[in-house]
Structure formats: structure tokens, C-alpha cells
Amino acid sequence: MSLLEINDLRIEYVSARGPFKAVDGVSFTIERGEIFGLAGESGCGKSTTAYGIGRLLRGPARIAGGSIRFDGTELTELSDAQFDAYRWARISIVLQSAMNNLNPVMKIKEQLIDAILAHRKATLRSDALRQAGELMELVDLPKDRLERFPHELSGGMRQRVVIAMALALRPELIIMDEPTTALDVITQKGIIDKIIELKRAFGFSVLFITHDLPLMLEICDRIGVMYAGRIAEIATRERMLAGARHPYTQGLLRSFPSLTGPRVRLEGIPGSTPDLIAPPQGCRFRERCPHALPQCGNEAPFVLEDRDGRVSCHLYAKEEAFDEAAVASP
Ligand code: SF4
Ligand code: MG
């Protein structure tokens, strides 16, 4: 059994024109100890998916259908009180800006102690303080920073504190939504290396969300690429590095500068995403796809599943008749 099994997840935002289908039939699994990435342009539904799993949806957003199974338990059927037993203890969340995770008027020490005591009520305060010190060590922060307020730390240090908090109760899954996007490249590298080191030490799984595909290719075991509320492609890291199969993923990869390879001209993907209140029939990428076929306009994309992953695209309906070279070249 996978640690996390998402099946046909649908999340809607109420709007005056009707439900905005931000997540529209998303399915994927995360294995124990796996780093699974969710990539895609802003607005594709990747953060909304993560917020749905972590029960952080607010206001007009609601889960409209589908299943979220964590270690065999259907999370969508739990009350908020029941879900509290999972939050931080089994599933924790690191958001893009540490300031969204930290209370600005509380010392770091108090916030870490609170996180520990919230779930381990029998723990002595002195033990919690000792554990807070150990957590600081885990993320390479000097213990004297415990006495500081969030604004007295650098952005990178604050994000390390948030990661320490996320680890406090040794969860099995950590959801990270753009955890390093707000940081400079050097600080980002230090934090990513730290996350990988901690993952090796503790064996938790990560749902890693970013629009930065090259970063994802560095650290994720498998990657799901979302487009307009749906998953276009899921692929192992190896498969992605050897060549993405979905035309959208191919376009996305071409729009990033290569860190190591030769310099290439950046090609953003022309066009814009469809209206998710009244999404088009057929493939949602059709208006922007350089390989669109007649059936792409009205038939839901063919789904090919194999050991490399899953790709939703009519080009793969007849694999033998499909000329891979035609797709591989831009
Ligand atoms: Fe392009 Fe058609 Fe594949 Fe969609 S289904 S990505 S339009 S070829
Ligand atoms: Mg986002």
C-alpha cells in the first residue's frame, strides 16, 4: 500500500459565474520514503491539491469529490478534530514564505515548544525545550537563535526553523509548497541539501511543489506535471531526464535555462490556460499544443500507463504508429 493515494480528486472554488474547477480529477500515489514532485505553471492546481491534502483550503474552496487515502485511512471522511491527530504528527506542511508558518510575535523557542507539546501533552516543558534545541541542531541553526523572534532571523534561517517545526513530531509525509522560492540561490541550495539529508536520515516522504522543473529533476524520484487542473504526465526522474513524453512537459522543460548544458534560447509556451469555470472538451492543452490531432478537440486524452509513469495524450494512443522523433524535436 502506498503511503498516500489520491484518486480522482476534485477541488472547486465558488465563484459568481459557477464553480471554478481548480483541481479536476487528479490521481497519484506517494510511496514511503519517496520525494514526489508536482510541477506546472501558476494556477495549474498544484498548491490547491496540496492544500486539499493538508486540509488548508479556506473560504470559497472545497473538496468536491474524490479520495485522499493516507496509510489506508480516508482523510476526506475525517472531521476537523479527527484530522488534528494527523496534522504535524503524521503530515506536516512547509509553505513558501516562512512568515506564513511562523507567529511574528512569538520567540522561536516558544513556537517549537508549542509544536511539540500540542501533540505530546505528557511531555515536560524542560524536555520540550531540550527537543527544540535538538531540532535547531538538525537544521544547522545555533541554539541561541531559540531566543530570537522570527524577524530577527534571515529568510533562510526562518525557513530552516519551519523545517525544524515540520520535523518536530517525525511525520511520515511533509508537504512542501515552494519551500525555497523566496530565497536566493545559495541559500536555496543549502536548504534543499538539508531536506535531502534529513529525508535520508528519517525516511519521511515529501510532496514537493515548485514551478522550477530543473530543481525538481534534481531531487524528486517521480514528478507529476499539472496543467489546467489535471495531471498531464507522471514520470520517473529517469524518464524525465531521458525525455518527457507529454507535449506540455516538453514545452515546460524548454522554457527553463539549463544549468549545466549549452545555452539555449528560452521558449515560453505561447498562449494561455483555459477557463476552468467552463473548461474545453477534449485535451485542455490543445490550443497551445504544437502536435494537436483532430480528436484532441473533443475526445478526452488517451491515457498510457507503464513502468515509467502515466501520460495523458492522444499521441500515445497507437504507440507503434507514433513517430517519436516528430514529438521530440521542437
Ligand atoms: Fe497535444 Fe492532443 Fe496530446 Fe493534448 S492530447 S497534448 S492536444 S497531442
Ligand atoms: Mg502555488
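The values are calculated or read from the model by the stated rules, or taken from the named source; none is laboratory data. Model, not experiment: these values are computed from the prediction. Reconstructed Cβ throughout: ideal geometry from the backbone, glycine too, with neighbour counts over all protein chains shown.
Residues that are among the hydroxyl-bearing types (Ser, Thr, Tyr), over 24 Å from Ile269 (Cβ atoms) and modelled with pLDDT of 95 or more: does region 201-219 have at least one?
The answer is yes, given that some residue of region 201-219 is among the hydroxyl-bearing types (Ser, Thr, Tyr), over 24 Å from Ile269 (Cβ atoms) and modelled with pLDDT of 95 or more.
What are the pairs with Cβ atoms under 6 angstrom where one residue, in region 30-56, is farther than 17 Å from Asp212 by Cα and the other, located anywhere, is within 14 Å of ligand 2 (Cβ to nearest atom) and part of a loop (DSSP other than H, G, I, E, B)? Sequence gap at least six, or different chains.
Close Cβ pairs satisfying both conditions: Tyr51/Leu57.
Just to be sure I understand the filter: pairs with C-beta atoms under 7 Å, separated by 6 or more residues or on different chains, first member in region 285-297 and in contact (Cβ under 8 Å) with a residue 40 or more places away in the chain, second member away from ligand 2 (no atom under 16 Å from the Cβ) and among the aliphatic types (A, V, I, L, M). Which pairs pass?
Phe285/Ala232; Arg288/Ile269; His291/Leu315; His291/Val327
Go through region 147-181 and give me each residue that's within 16 Å of ligand 2 (Cβ to nearest atom), among the aliphatic types (A, V, I, L, M) and in contact with a helix residue (DSSP H, G or I) (Cβ under 6 Å, 6 or more places away or on another chain).
Ile175
Condition first: aliphatic (A, V, I, L, M) and part of a strand (DSSP E or B). Can you find one or more residues in region 42-55 that meet it?
Among the residues of region 42-55, not one is aliphatic (A, V, I, L, M) and part of a strand (DSSP E or B), which makes the answer no.
Here is a list of conditions, (1) of a type in the set (D, E, K, R); (2) surrounded by 12 or more Cβ atoms within 10 Å (Cβ to Cβ); (3) at pLDDT 95 or above; (4) not in a loop (DSSP other than H, G, I, E, B), and Glu305 meets all of them except one; can you say which number that is?
Condition (2) is where Glu305 drops out.
Within region 187-231, can you find the residues that are assigned to a helix (DSSP H, G or I), closer than 18 Å to Leu4 by Cα and charged (D, E, K, R)?
Hit for region 187-231 is Lys199, nothing else.
Yes/no per residue for (1) at pLDDT below 95; (2) loosely packed, with under 12 Cβ neighbours inside 10 Å; (3) of a type outside the set (A, V, I, L, M, F, W, C); (4) under 23 Å from the mean Cα position of the chain (by Cα):
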{"site": "Leu259", "(1), (2), (3), (4)": "yes, yes, no, yes"}
{"site": "Ile269", "(1), (2), (3), (4)": "yes, no, no, yes"}
{"site": "Thr273", "(1), (2), (3), (4)": "yes, no, yes, yes"}
{"site": "Phe285", "(1), (2), (3), (4)": "no, no, no, yes"}
{"site": "Leu293", "(1), (2), (3), (4)": "no, no, no, no"}
{"site": "Ser329", "(1), (2), (3), (4)": "yes, yes, yes, no"}
